[in-house]
1. Taking the residues in the range 20-30 that are in contact with a Ser or Thr (Cβ under 9 Å, 6 or more places away or on another chain) and surrounded by fewer than 19 Cβ atoms within 10 Å (Cβ to Cβ) as candidates, determine which candidate is nearest to Pro107 (Cα to Cα).
2. Just to be sure I understand, how many residues within the range 139-177 are under 14 Å from the mean Cα position of the chain (by Cα) and not acidic (Asp, Glu)?
3. If Ala120 satisfies every condition in (1) modelled with pLDDT under 95; (2) of a type outside the set (Val, Ile, Thr); (3) crowded, with 21+ Cβ neighbours inside 10 Å but one, which is the exception?
4. So Arg128 fits all but one of (1) free of Cβ contacts under 8 Å to residues at least 12 places away in the same chain; (2) touching a strand residue (DSSP E or B) at 6+ places or on another chain (Cβ under 6 Å); what number is the exception?
5. Taking Leu126 as the residue in question, decide whether it is in contact with a His (Cβ under 7 Å, 6 or more places away or on another chain) and either more than 23 Å from Asp73 (Cα to Cα) or open to solvent by less than 20 Å² (accessible area, probe 1.4 Å) (or both).
6. If you check Asp140 against the conditions, is it under 20 Å from Cys20 (Cα atoms) and in a loop (DSSP other than H, G, I, E, B)?
7. Being in a helix (DSSP H, G or I), loosely packed, with under 14 Cβ neighbours inside 10 Å and basic (Lys, Arg) is true for just one of Arg173, Arg166. Which residue is that?
8. Return the residue satisfying two criteria in turn: it lies in the range 143-158 and is touching a residue at least 40 places away in the same chain (Cβ under 8 Å) and either part of a loop (DSSP other than H, G, I, E, B) or among the hydroxyl-bearing types (Ser, Thr, Tyr) (or both), and of such residues it is most open to solvent (accessible area, probe 1.4 Å).
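The values are calculated or read from the model by the stated rules, or taken from the named source; none is laboratory data. It should be emphasised that the depicted structure is a prediction, and the values quoted were computed from it without experimental measurement. Quick reminder, even Gly has a Cβ in these numbers, built from the backbone with ideal geometry, and neighbours come from all protein chains shown. Accessible surface areas use protein heavy atoms only, side chains included; no ligands, DNA or RNA. Shrake-Rupley method; radii C 1.70, N 1.55, O 1.52, S 1.80 Å.
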Amino acid sequence: MSMPYPRELVRSLEFIAEVCNRRRDGRLRTAASLREVCLEWGVPGVSRLSSADAAATWAHLPTVERLWDGGRDEVAALVNRVFRDTGARPQLVRHDDYDWHLHGLPPGAPIADSLVVNAAMAIVDLVRADDMARCKRCGDDRCDRMFLDQSRNRSRRFCSTTCQSRTNVAAFRARHA
């Protein structure tokens with residue numbers, strides 16, 4: 001069973017995690033690499049993304065990670081600050097194959113502001129549902145990647161089967177050493 005949230009919300013959270021993970025992994029260093037990940041995920045309006053846009057995006061990523069990792073009350077306060085600082089004005093929109101959903105900023109807003117506002121708006125639903133436990137970090141000690149736990153009982157511990165296998169092999173070897 002999938003999460004009880006609209007698919008555009010799940011997609012927003014997965015995109016945010018991907019951006020933060022790529023930045024941490026060193027695969028997101030330039031405007032071109034930011035443009036590439038945005039295009040892969042279907043983010044509109046990134047064809048003229050500049051190095052200034054990329055720098056502004058990098059500046060917002062610590063806030064995005066605090067939204068991901070924070071406690072419910074801290075995240076609620078941070079969401080409100082993001083909305084204030086960016087002048088977010090949510091509007092219901094329908095486009096492509098997505099039904100009505102919220103956009104926090106109008107088309108053409110700076111990508112950095114759009115990214116942090118979209119993260120905040122997606123996290124809002126998790127705060128309201130007291131379901132922040134779905135925003136996780138990998139349980140492998142050698143990995144700190146963010147992932148969205150979509151399991152029914154919120155039991156997923158690893159970002160990938162690679163990390164899960166590596167941890168299981170290490171535990172097996174430790175038991176038999």
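1. Among those that are in contact with a Ser or Thr (Cβ under 9 Å, 6 or more places away or on another chain) and surrounded by fewer than 19 Cβ atoms within 10 Å (Cβ to Cβ), it is Thr30.
2. Total satisfying the criteria: 6.
3. All conditions pass for Ala120, except number (1).
4. Status for Arg128: all satisfied but (2).
5. On the way: in contact with a His (Cβ under 7 Å, 6 or more places away or on another chain): no; either more than 23 Å from Asp73 (Cα to Cα) or open to solvent by less than 20 Å² (accessible area, probe 1.4 Å) (or both): yes.
No: the conditions fail for Leu126.
6. Details: under 20 Å from Cys20 (Cα atoms): yes; in a loop (DSSP other than H, G, I, E, B): yes.
The answer is yes for Asp140.
7. Working: Arg166 fails: loosely packed, with under 14 Cβ neighbours inside 10 Å.
Residue meeting the stated conditions: Arg173.
8. Step one: filter the range 143-158 for residues touching a residue at least 40 places away in the same chain (Cβ under 8 Å), giving 144-148, 150, 152.
Checking the rest, the ones that are also either part of a loop (DSSP other than H, G, I, E, B) or among the hydroxyl-bearing types (Ser, Thr, Tyr) (or both) come to 144-145, 150, 152.
Numbers: Asp144: 70, Arg145: 57, Gln150: 60, Arg152: 162 Å².
Among those that are touching a residue at least 40 places away in the same chain (Cβ under 8 Å) and either part of a loop (DSSP other than H, G, I, E, B) or among the hydroxyl-bearing types (Ser, Thr, Tyr) (or both), it is Arg152.
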